[in-house]
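Novice: Can you read through this structure? Questions will come right after.
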Amino acid sequence: MIVLLIAGLGLGAVALPALSLDLGLPGDESKSVKTTQRRAYDLLSEGFGPGFNGPRRS
């Protein structure tokens, strides 16, 4: 019984960093400057300020 408890606590400690893991695809900021998506990204950032094109959190 004690072994199962220790193993469960150990697995929980190992899995704890996964709670803050952000998974996602690269955004338009990583595209070439020649693409229309990147130009639109830059224009939005320029017009609305830094952080407007950031990831959306719900």
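Novice: Can you compute the FRET efficiency between Asp22 and Glu46 using 1/(1 + (r/R0)^6), with r the Cβ-Cβ distance and R0 = 35 Å? Round to the nearest 0.05.
Specialist: It comes to 0.85.
Novice: For the Cα atoms of the chain, what angle does the longest principal axis make with the long axis of helix 36-48, in degrees from 0 to 90, nearest 10?
Specialist: It is inclined by approximately 90 degrees.
Novice: For the chain, with only Lys/Arg (+1) and Asp/Glu (-1) charged at the beta-carbon, what is the dipole magnitude about the Cα centre, in debye rounded to 20?
Specialist: It comes to approximately 140 debye.
Novice: Then there's this: I'd like the carbon and sulfur percentage of the solvent accessible area for the chain, probe radius 1.4 Å, heavy atoms only, ligands and nucleic acids excluded.
Specialist: 68
Novice: Could you point to the label whose value was computed as P(r) over Cα pairs in 5 Å bins from 0, in percent for the structure here, given [x] 4, 22, 32, 28, 11, 3, 0; [y] 4, 19, 29, 22, 15, 7, 3, 0; [z] 4, 15, 15, 14, 10, 8, 8, 7, 7, 6, 5, 3, 1?
Specialist: Given [x] 4, 22, 32, 28, 11, 3, 0; [y] 4, 19, 29, 22, 15, 7, 3, 0; [z] 4, 15, 15, 14, 10, 8, 8, 7, 7, 6, 5, 3, 1, the calculated one carries the label [z].
Novice: Can you tell me the orientation of helix 2-15 relative to the chain, as the angle in degrees between its alpha-carbon axis and the longest Cα principal axis, to the nearest 10?
Specialist: Between helix and principal axis, roughly 10 degrees.
Novice: Next up: Suppose only helical runs count, i.e. DSSP H with n ≥ 4. What mean residue ellipticity at 222 nm does that imply for the chain under -39500 (n - 2.57) per run, divided by all residues and rounded to the nearest 500 deg cm²/dmol? Write out the running numbers ahead of the final one.
Specialist: Working: 2 runs with 27 residues, N = 58.
Taking each H run of at least 4 residues, the total per residue is -15000 deg cm²/dmol.
Novice: Averaged per residue, what accessible surface does the chain expose to a 1.4 Å probe, in Å²?
Specialist: Here the per-residue accessible area is 93 Å².
Novice: Return the single residue from Leu43, Leu16, Leu25 with maximal mean-square fluctuation; model: Gaussian network over the chain, springs between Cα atoms under 10 Å.
Specialist: Leu16
Novice: Could you list the trypsin sites (Lys or Arg not before Pro) in segment 16-50 that lie in coil according to DSSP, counting only those with at most 11 other Cβ atoms within 10 Å of their Cβ?
Specialist: Working: sites: Lys31, Lys34, Arg38, Arg39; in loops: Lys31, Lys34.
Those that pass, being in a loop and sparsely packed, are Lys34.
Novice: Let me ask something else about it. Mind checking the full-extension length gain between Ile2 and Lys31? Use 0.36 nm per residue of separation minus the Cα-Cα distance, one decimal, nm.
Specialist: Residue separation times 0.36 nm, minus the Cα-Cα distance, leaves 5.2 nm.
Novice: Of all chymotrypsin sites (Phe, Trp or Tyr not before Pro) in segment 13-58, which ones are in loop regions per DSSP and have a Cβ with at most 14 other Cβ atoms within 10 Å?
Specialist: Counting only loop positions with at most 14 other Cβ atoms within 10 Å, the chymotrypsin sites (Phe, Trp or Tyr not before Pro) in segment 13-58 are Phe52.
The values are calculated or read from the model by the stated rules, or taken from the named source; none is laboratory data. The structure presented is a predicted model; accordingly, all values stated were derived computationally and were not measured. Glycine gets a Cβ as well: all are built from the backbone with ideal geometry, and neighbour counts include every protein chain shown. Accessible surface areas use protein heavy atoms only, side chains included; no ligands, DNA or RNA. Shrake-Rupley method; radii C 1.70, N 1.55, O 1.52, S 1.80 Å.
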